[in-house]
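Working notes, beginning with the structure itself.
FYI, it's all coordinate maths here, none of it is from the lab. No experiment lies behind these values; they were computed from the predicted model shown. Glycine gets a Cβ as well: all are built from the backbone with ideal geometry, and neighbour counts include every protein chain shown.
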Amino acid sequence: MTEIDYSQYNLQELYEARFNVNMQKYPRNAELIEHWIKVREGEIPPEPPEPERIIDSIPELEDTTDPIQKKPAAPEYIQYSNSTKTFTSPRGRIGRSTYWMGNFALAFMTLAGKRLIMPVNVKLYLGVSVALIIPALMLAIKRSHDRNKSGWFTILFFVPIVSFWPMVELGFLKGTTGTNKYGNDPLSRGKRLNTRINADGN
């Protein structure tokens, strides 16, 4: 794996790269990822870490890839989402629609388990129900990030009397407009994508 230029990555993409890179096998890329995360967070100036990258004079090879089969590069404003990571990772932001659809899906699985599993094996049903708390918590943390709040905000769900407030804030209030420290605005990303698609169609 060659050294990758992470200087063009935004903060969310750098977090994803850090999550996926094999630090033991590719320590140089891991070092670059950490460097640019600190740059994006404003901790250090945007200077490349030592050792500086040395580029040898290698002639460029002609690209013989069939243009029909060649996959176009993704625009910078597109952040790829993975439905599995939506339920298993606390990183990033989600909007209200994703939050509600995810919780409806979890509620459906809980009810389906109650009808199909509980009559056969109560312990298994209880185990499945407890396991579904984890993806529900991931959704709540990402929605908290969209409100520019720490994931610890979700603890209020378990506090009597005030537990109604996170239900209201995460379920009904709009997230931060534009990029915050947890990632790009999921709503503005969708608008930019639609604008680009319409422009390409014209």
>> Under a Cβ-only charge scheme (Lys and Arg +1, Asp and Glu -1), can you give me the dipole magnitude of the range 126-194 about the Cα centre, in debye to the nearest 20?
In response: 300 debye
>> Here is the link list: LYS114/LYS149; LYS123/LYS149; LYS25/LYS181; LYS85/LYS114; LYS25/LYS149; LYS25/LYS142. Which ones come out longer than 27 Å on Cα distance?
In response: LYS114/LYS149; LYS123/LYS149; LYS25/LYS181; LYS25/LYS149; LYS25/LYS142
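Using 0.36 nm times the number of residues separating GLU34 and LYS85, minus their current alpha carbon distance, what extension gain do you get?
That works out to 16.2 nm of additional length.
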> Can you work out D for the range 79-191 in µm² s⁻¹ from Stokes-Einstein, where Rh is the Kirkwood radius over C-alpha pairs, the temperature is 4 °C and the viscosity is 1.567 mPa s?
Replying inline: 87 µm²/s
> Stretched out fully, how many nm does the piece from VAL162 to LYS114 gain, at 0.36 nm a residue minus the Cα gap?
Replying inline: 14.4 nm
